[in-house]
Amino acid sequence: MLINMKRLLLSLFALIVFFNCSSDPSKKILGKWKEVDSSEQIEFFSDGTFYVKKDNQAFNGKYYFLHDGRLKMEISDFWMKLLMPQPLIYEISFKGDTMTTKNQENKISKYHKMK
């Protein structure tokens, strides 16, 4: 009886750890994504940096999640920073291999994770 209780508690603990880790957006965002109906690709790295490429343009920067779960992206590239001096802030959600973002102007974009 005591062994069954220990197994049950260990299984429950493992499930809690699994679901807490898998719902963490800072883990889900890692990797390369391609925007649906666009040539834009964005890659998020575990060191908090990102790289964006669209057509003949490319830029990079740093990202992090705000306390309310929104994604904040700060552009490092000098020329792109002149065009977009303010950080980009997005609401973000994940469903399977799809990432959906909504910017401050309520524009929604969908990305598929690249394999």
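Readers should treat all values here as calculations from the given coordinates under stated rules, not as data from a laboratory. Computed from a predicted structure; not experimentally measured.
At-a-glance table
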{"quantity": "Whole-Hz couplings from phi, Karplus 6.51/-1.76/1.60, listed for the stretch 60-69; x for Gly and Pro", "calculated": "9, x, 10, 9, 7, 9, 6, 4, 8, x"}
{"quantity": "Table column - 3J(HN,Hα) (Hz), the stretch 83-99, Karplus curve with 6.51, -1.76, 1.60, x for Gly and Pro", "calculated": "6, 10, x, 8, x, 8, 10, 10, 7, 9, 9, 10, 9, x, 9, 10, 10"}
{"quantity": "Square roots of 5 times each gyration tensor eigenvalue, C-alpha, the stretch 27-113, largest first, Å", "calculated": "18, 16, 13"}
